[in-house]
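Here the structure is laid out as structure tokens; the discussion comes afterwards.
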Amino acid sequence: MIDLTKKQEALARNIERAKEKNIIIPTFEQMRNPEKVPEAIKEQLKSVGLWDINPLNLFRITWKNEPKESGGLFGGPNFIVLPKELTGVDAKILCMIGKFFPTGCHKVGASFGCLAPRLVTGQFDASRQKAVWPSTGNYCRGGAFNSKLLSCDSIAILPAEMSRERFDWLATVATEIIATPGCESNVKEIFDKTWELRNTRDDVMIFNQFEEMGNHLWHYAVTGNAIEEAYLSIANEKSHLAGACFTSGSAGTTGTGDYLKEKYPGLKLGVGEALQCPTLLNNGFGGHRIEGIGDKHVPWIHNVKNTDMVIAIDDEDSQKLLRLFNEPEGREYLVKEAGVDPKLVDELAYMGISGIANVLCAIKMAKYYELTENDVVATVLTDSAAMYGSRIEELREEDGEYSTMKAAVDYHTHLRSVKTDNLEELTYTGRKRIHNLKYYTWVEQQGRTVEELNALWYDYENTWGAVHKQAAQIDELIKEFNESTGLLKNL
């Protein structure tokens, strides 16, 4: 469970700081249903840019932002549906769009779910501590952004080989940036750095996305609801929400699967990873290029017992499709030769590298289960191609200028020829095998106990189930915090 014990002295300082900085904190309920945001705040948002360092942007931590760069308010969930002309499968692939969050990625929500409970209980002291955000890329961006909006100092930790865009932007918001050795799969090096900070500094609090239940809870409470609403908006009497697929990363987004399985008990939950680092599939290891998903371990917050399928994606597929979807020649081929709607082709830029991997996972699931035109598989586009301009440039340098011929090869080889290889439909023992891998990271290295590990498997009611119920408790704490600042009265 998330510890919600109050520390009154630090809480009092946080309240005074929020009052001084004019910070009002949104609830999970307002993130699910932004129409409940106070009208006065909506009015002020009309003059605020989506990425502005302004506390009002906390209220834009939602899947339902108006898709515009400045002054937008709220509507329905942002999503696209990929048709057979693109995917080659009869099932519809429903993709939630992360681009229209502040920072251009939904990780700003996951990090909020970790920081907000500590802030409104006083467990984190904004006047005396720095929030440390260990990440494989987007989580530390979201954490640093939220920290700035909540008037907290932050330390962003991410692998040195992540895209240049991440580092350039972080330099404008984070108090400190620490680059650790390696690529997105080098999570152990990130963990080692957090232990170094714990042991050498008394002014830090670590918000480790791989073990913070606030990450899991935000997706359960907010993303799950948004996917359900998006699905219902396209469903007819024959429709069936058959599955959901998410690359593992920190496994926060898999919390969405817990929500969806409660609403749609027959739904299959698939979890993806890079074929070059098949930890879940084959206890494997290695480096890979699907930025934003860290591997070589099983995240603490992955509810493996609720997972039906493990799917490995070749990182070469995601790289080639990044070019196909964003190079002019690739877009032209998709319209003229593949018959994809030009409007949808324009929207393919909503997919970053991990979003492309998510779509490939959904396609594999649809093929494996032989899903029909009445079936829907949901996934998320974590971030957009805007985060990977430098990667496209690098691919252009490596492979040369793009052409219609290369587009045809990429379309047929890396998209339409996706097969059901490198996946496993999990049995009870298959799930337990993956769950048991947590021991080596979390018990041997990170200080968890065997009793805690076993509880995640055997005691749903007091672990995952208890966390799911805490969204309402946290909302009450946020309301108390806001009332204590007195700012709501002045709107």
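The values are calculated or read from the model by the stated rules, or taken from the named source; none is laboratory data. On a predicted model such as this, the values are computed, not experimentally measured, just so you know. Note that we place each Cβ from the backbone using ideal geometry, even for glycine, and neighbour counts take in every protein chain shown. These area figures cover heavy atoms from the full protein model, side chains too; ligands, DNA and RNA do not enter into them. Shrake-Rupley method; radii C 1.70, N 1.55, O 1.52, S 1.80 Å.
Ignoring aspartates and glutamates fewer than eight residues from K320 along the same chain, the ones with Cα atoms less than 15 angstrom from its Cα are E291, E329, E393, E394, E397, E398, D399, E401, D410. Overall, the accessible surface of the range 16-69 at a probe of 1.4 angstrom is composed of carbon and sulfur to the extent of 44 percent. Which trypsin sites (Lys or Arg not before Pro) in the range 184-220 pass both tests, a DSSP loop state and at most 12 other beta-carbon atoms within 10 Å? Sites meeting the loop and neighbour criteria: R201. Over all projection directions, the Cα-based convex hull of the range 98-227 averages an area of 7.7 nm².
Checked against a 30 Å cut-off, the cross-linked pairs K107/K238; K64/K419; K305/K364; K42/K364; K432/K469 give Cα-Cα distances beyond that limit for K107/K238; K64/K419; K42/K364. A simple rule links phi to the HN-Hα coupling: the Karplus curve 6.51 cos²θ - 1.76 cosθ + 1.60 with θ = phi - 60°, which for the range 423-428 gives 9, 9, 7, 7, 8, 4 Hz, with x for Gly and Pro. Using the alpha carbons alone, the radius of gyration of the range 1-78 stands to its Kirkwood radius in an Rg to Rh ratio of 1.04. For the range 58-120, a Kirkwood hydrodynamic radius built from all Cα pairs, placed in the Stokes-Einstein relation at 20 °C and 1.002 mPa s, yields a translational diffusion coefficient of 161 µm²/s. Listed values for the range 336-348 are Karplus-derived 3J(HN,Hα) couplings in whole Hz (6.51 cos²θ - 1.76 cosθ + 1.60, θ = phi - 60°), namely 7, 9, 8, x, 7, 4, x, 4, 5, 4, 4, 7, 5, and x replaces Gly and Pro. Phi angles of the range 154-160 translate, via the Karplus equation with coefficients 6.51, -1.76, 1.60 and θ = phi - 60°, into HN-Hα couplings of 9, 10, 9, 10, 7, x, 5 Hz per residue; Gly and Pro are given as x. How tilted is helix 404-414 with respect to the longest principal axis of the chain? Cα atoms for both, answer in degrees (0 to 90, nearest 10). Between helix and principal axis, roughly 70 degrees.
If you roll a 1.4 angstrom probe over the protein chains with everything in place, what fraction of the accessible area of the range 407-491 belongs to carbon and sulfur, to the nearest %? Summing carbon and sulfur atoms, their accessible area is 49 percent of the total for the range 407-491. Leaving out ligands, DNA and RNA, what percent of the accessible area of the range 213-304 is carbon and sulfur, probe 1.4 Å? Here carbon and sulfur together make up 50 percent of the probe-accessible area. Modelled this way, with points 7 Å down the Cα-to-C-beta line, the labels at S417 and K42 are 5.2 nm from one another. Sparsely packed loop sites in the range 245-344 (the GluC sites (Glu not before Pro) outside DSSP H, G, I, E and B with at most 14 other Cβ atoms within 10 Å) comprise E337. Calculated FRET efficiency, Q473 to E337, Cβ-Cβ distance, R0 = 51 Å: about 0.40 to the nearest 0.05. With both labels modelled 7 Å from their Cα along Cα-to-Cβ, the A408 to F285 distance reads 4.4 nm.
Heavy-atom accessible surface of the range 96-187, averaged per residue, reaches 21 Å², computed with a 1.4 Å probe. Dividing the summed -39500 (n - 2.57) terms of all DSSP H runs of n ≥ 4 by the residue count of the chain sets its mean residue ellipticity at 222 nm at -12500 deg cm²/dmol.
Write down the percent of antiparallel bridges among all DSSP beta bridges whose residues are both part of the range 70-165, to the nearest 5.
45
Restricting attention to the range 213-356, close to 0% of DSSP beta bridges with both partner residues there are antiparallel. Using 16 Å as the cut-off for backbone N distance, which residues of the range 252-283 belong to the label zone defined by a point 7 Å from the Cα of L232 along Cα→Cβ? The answer is 259-265, whose backbone nitrogens lie closer than 16 Å to the label point. Any chance you could give the angle, 0 to 90 degrees and rounded to 10, that helix 224-234 forms with the longest Cα principal axis of the chain? Once rounded, one gets 40 degrees. Any chance you could give the angle, 0 to 90 degrees and rounded to 10, that helix 107-121 forms with the longest Cα principal axis of the chain? The two axes meet at around 20 degrees. With Cα atoms as the point set, the range 322-368 shows a radius of gyration and Dmax of 11.3, 32 Å.
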